[in-house]
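Here the structure comes first, spelled out in structure tokens, and everything after it is commentary.
The values are calculated or read from the model by the stated rules, or taken from the named source; none is laboratory data. Every value quoted in this text rests on a predicted model; they were computed, and no experiment measured them. All Cβ positions, even for glycine, are placed from backbone atoms using ideal geometry, and neighbour counts span all protein chains on display.
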Amino acid sequence: MKNIVLIGFMGTGKTVIGRRLANRLNREFIDTDVAIEAVTGKTIAQIFAKDGVIRFRSEEALLAKKIAGKQDLVISTGGGMVLNPQNVSNLKINGVLVALTAPPEVIYRRVKNKKTRPLLLKGDLKENILSLLKERERSYKVADITIDTGAHSVDEVVEQICRYLSEGNII
């Protein structure tokens, strides 16, 4: 069975929805950020601070390649995973890409108290969110389906994903 790969900006609910979806479908759940932390022995913030963004993106690329050979997973990706076209190719080998979106004000509300978002820590949080959203907008268009998590509950989003997968004979 194909993997279900959740992509989208930070704060759109990829981890929460991914866990719930994996539970509902009785599949293994992988959060790519958690997997990278396990492999490196460092938090994402530590990797960004000590090794830089290039090292982090390299770890993401290695993981995307590794995941390409697996199946029956629900995968929550880091917000920048799809910035690398090769990662997208690898994730699509055996995956259905589901983009989760939310309006900037919803994302702000969800991430404003999180100190684990290295790309948002410097400067004005609202401006950073708007700038990164604009910069990444095209990257998220690679998805097979897009769902606004700002307009729906976690259970409603999971239901929409399941309906899409069922209608497409993916599950």
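Anything in region 17-39 that is surrounded by fewer than 16 Cβ atoms within 10 Å (Cβ to Cβ) and among the β-branched types (V, I, T)? List them, or say none.
Result: V34, V39.
Could you please tell me which pairs satisfy a Cβ distance under 7 Å, a separation of 6+ or placement on different chains, a first residue in region 92-108 that is within 27 Å of A64 (Cβ to Cβ) and touching a residue at least 24 places away in the same chain (Cβ under 8 Å), and a second residue that is among the acidic types (D, E) and surrounded by fewer than 21 Cβ atoms within 10 Å (Cβ to Cβ)?
V96/D144; L97/D144; V98/D144; T101/D148; A102/D148
Looking only at residues that are closer than 18 Å to M10 by Cβ and not aliphatic (A, V, I, L, M) in region 64-86, which one is surrounded by the most Cβ atoms within 10 Å (Cβ to Cβ)?
S76
Any idea which of I129, I147 is under 22 Å from V16 (Cβ atoms), in contact with a helix residue (DSSP H, G or I) (Cβ under 9 Å, 6 or more places away or on another chain) and at pLDDT 95 or above?
That would be I147, the only listed residue that is under 22 Å from V16 (Cβ atoms), in contact with a helix residue (DSSP H, G or I) (Cβ under 9 Å, 6 or more places away or on another chain) and at pLDDT 95 or above.
If you go through region 107-126, how many residues are basic (K, R) and at pLDDT 80 or above?
Total meeting the criteria: 4.
Can you tell me which of R110, R163, R138 is of a type in the set (K, R) and surrounded by 14 or more Cβ atoms within 10 Å (Cβ to Cβ)?
R110
Are there any helices (runs of 4 or more DSSP H) wholly within region 1-120 with 3 or more residues that are touching a Cys at 6+ places or on another chain (Cβ under 9 Å) and farther than 18 Å from Y140 by Cα, and if so which?
By residue number, 14-25.
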